[in-house]
1. Could you grab me the full set of residues in segment B:205-222 that are assigned to a loop (DSSP other than H, G, I, E, B) and open to solvent by 30 Å² or more (accessible area, probe 1.4 Å)?
2. Looking only at segment B:179-204, which residues are in contact with a strand residue (DSSP E or B) (Cβ under 7 Å, 6 or more places away or on another chain) and open to solvent by 20 Å² or more (accessible area, probe 1.4 Å)?
3. Among the residues of segment A:48-107, write down those that are in contact with an Asp or Glu (Cβ under 8 Å, 6 or more places away or on another chain) and in a helix (DSSP H, G or I).
4. Is segment B:94-115 home to any residue that is away from ligand 2 (no atom under 11 Å from the Cβ), over 15 Å from B:Arg196 (Cα atoms) and over 34 Å from the mean Cα position of the chain (by Cα)?
5. Restricting to segment B:128-148, count the residues that are within 24 Å of A:Thr56 (Cα to Cα) and modelled with pLDDT of 90 or more.
6. Among the numbered conditions (1) away from ligand 2 (no atom under 12 Å from the Cβ); (2) at the interface with another protein chain (Cβ under 8 Å from one of its Cβ atoms); (3) open to solvent by 30 Å² or more (accessible area, probe 1.4 Å), tell me where B:Lys175 comes up short.
7. Could you check, for segment B:202-212, whether at least one of its residues is farther than 23 Å from B:Pro108 by Cβ and either within 8 Å of chain A (Cβ to nearest Cβ) or more than 15 Å from ligand 2 (Cβ to nearest atom) (or both)?
8. Of the conditions (1) open to solvent by less than 20 Å² (accessible area, probe 1.4 Å); (2) within 13 Å of ligand 3 (Cβ to nearest atom); (3) farther than 21 Å from A:Gln114 by Cβ, B:Gly121 satisfies every one except a single condition; which number is it?
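The values are calculated or read from the model by the stated rules, or taken from the named source; none is laboratory data. Nothing here was measured: the structure is a model prediction, and the numbers come from that model. Reconstructed Cβ throughout: ideal geometry from the backbone, glycine too, with neighbour counts over all protein chains shown. Heavy atoms of the whole protein, side chains included, go into the accessibility calculation; ligands, DNA and RNA do not. Shrake-Rupley method; radii C 1.70, N 1.55, O 1.52, S 1.80 Å.
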Amino acid sequence: MNARGQFPIHNLQFSILNSLAPLLRVLLLLVVLLSPLATFAAERFPPPEFEPGTYTMPPTTTPPPRLAVMEIVDVAVLLGALSLSTYGVLVKRSRRHVFWVMVFSLLYFGFVRQGCVCSIGSIQDVTLALFDKSYAVPVSVLLFFLLPLVFTLFFGRSFCAAVCPLGAAQDIVTWKPIKLPVWLEHALGVIPFLYLGAAVLFAATGTAFVICEWDPFVAFFRRGGSFKMLALGAGFLAVGLFIGRPYCRFLCPYGAILSVLSRFAKWNVTLTPDDCLKCQICDVACPFGAIAEPDEAAPPKPRPGFGRLVVLGTLTLLLMAGGAWLGGRLGLPMSKLNRTVSLAERIAAEDSGAIKDVNDASKAWRALGKPAHELHAEALRVRGQFRFGGLLLGAFVGLVIGAKLIGLAFAHPHDVYEPNLANCVACGRCYSYCPKVLVAAKRSEKKEMPRPTAA
Amino acid sequence: MADQHPSSQCGCGSGACGNGGSAKPSPASIQFKKPASAPAKSAVPAAAAPPSRRQFVGGALRGAFLFVLGAATSLIARVSQKERTVWQIDPTKCIACTNCANHCVLTPSAVKCVQQYPICGYCKLCTGYFEPEPNALNTAAENQVCPTGAIERRALEDPYYEYNIDEELCIGCGKCVVGCVVFGNGSFSLQIRHDRCVNCNECAIAMVCPADAFVRVPASQPYLLKTREKQG
Ligand code: SF4
Ligand code: SF4
Ligand code: SF4
Ligand code: SF4
């Protein structure tokens, strides 16, 4: 459950009050019920005038926040790590190179920066900045959102390979990966898009930053956290021993965007398409199921025709319509997660007598003395946003499923083993297995060596 | 060596099979050189090949994306004029509900109690320090409000006492704040300590704060401390 769902339940303030003398309790209850605490914080006991020189008042310390310049450092490190990772993936084609960049990123972005400034979470900041004009998204966060996208558009997912600390944490624990059935891989591959849509919806309505709330690894990076976060992280790491990068493949919303961009990247991971031995070693070596097997039929199947496209296109439209219908209906229950909506519902229930007592939130709101209709109007506005947003979210998921089907039907024919550019996280493992890549590497090494006999 | 055709099913996995390692000229097996007819999958695009459909779509998409990037840059231009902000608790709204102790992404919480000395009454019977009806006005743990014993009581000239918060021990539960605000001057209040706070995108406590007390404040003035004037 969302943590927010808990707040009406416990109320420790009353447990303090219980220990007070009954008279005081009644008095205090009245005080607390009728007004915010602070209004009553008055100078009941005038501060003493100490003899000059007899007492120096300690200062109230105010440790400053992290320096702004450190944000520039973060961006510089990001840029450096992206470049190094890209160099390792595309030019050196070396798993070892990628690995060490990855270890560095895990240490810096993970343990030093404690997983906070993170490209995945930045989706929400950017969304909020677009919808809430008063929100000042830091420029560094914007760059953390944009730079990996640009890199991926040109160089494939080198960000996932060795820069993202979440990816690195999972990559390192990959131990005995099993191969999932292809259909399952495709089916689960829809979840990141659903998650992406939901995260955008919740951020746009100012309801929650779900990606941060359900980030599996920050608790480890911070070496502490709520039980939920620790359990989530432990679960993902345990699953990750046997299913390579489970968060990346089946949840990560940023990975969803990157997978689309990577498909169209200008340069990307390749093995040796021209003289693939079809030895299948790369396929076995890839822990993430990202190597596409050759098409079965020796001469590639004839491309599906226009009729097929029409059928699938219609199906997509139907899926979108169905999704929109479902999402629109889910909008109302989802909106209850919004604090304004839940508060307005609480106040309405209290006013109508359906609920007899008050909770902290309603008490605090009543203390403000604002008219109820304002709150209800605001809640209605948010609810409307959710209804419309749910509709869009449903249609979006329908579109993703449809696009996936079309993509599968019209997959470009290939008769060799090759990385599936959408799913390949550019970890570089296959480079150290493909016999042809090894040979080519050996050759170019030899070529670079000075030849004493050269004329 | 030569009898093994490069395209045959080879399961040995060693680089020695195929035509590797021989002195034969090998025009096509260096990774970056490709015949122009190769599918558009090479590490470096074949310049001579007419653009395939994939290349075209890719180029178009990249163009479209770079356009979006331009739009994003204008967003950057807009936000870069705004001042950097950090989270802080507005003490006039906080009802010291104990959520701050439990909902921060950090354990212990980045929220701590601060003592604002200028408005403290230096009371002998501090309602932020002592349990109601204490057995005796001494520092025995059972007499203290604070569950972690984070408040230090120091005698000054009679009848005044100074109260200091040991931030290492404080868990931000706000129990002392209730005592101080309801019966005393309200010199204790909860504040986010910025040496600890990681300034989350969205403060996890803000999401559960029943009093809506979390606000973003300019990073140059990151605390909302009470002063005597504001106390009024
Ligand atoms: S898929 Fe997501 S979590 Fe995985 S490496 Fe990429 S950005 Fe990080
Ligand atoms: S959650 Fe809000 S009301 Fe509760 S102690 Fe923290 S700031 Fe105060
Ligand atoms: S009572 Fe709670 S808030 Fe006050 S000093 Fe102790 S731990 Fe901190
Ligand atoms: S911003 Fe994050 S670290 Fe700071 S007080 Fe809120 S939850 Fe804790």
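1. The answer is B:Asp212, B:Ser220, B:Gln221.
2. Across segment B:179-204, the qualifying residues are B:Cys197, B:Asn199.
3. Within segment A:48-107, just A:Met102 meets the criteria.
4. No, the conditions are met nowhere in segment B:94-115.
5. So the count comes out to 2.
6. Against the list (1) away from ligand 2 (no atom under 12 Å from the Cβ); (2) at the interface with another protein chain (Cβ under 8 Å from one of its Cβ atoms); (3) open to solvent by 30 Å² or more (accessible area, probe 1.4 Å), B:Lys175 comes up short only on (1).
7. So far as segment B:202-212 goes, yes, one or more of its residues are farther than 23 Å from B:Pro108 by Cβ and either within 8 Å of chain A (Cβ to nearest Cβ) or more than 15 Å from ligand 2 (Cβ to nearest atom) (or both).
8. (2)
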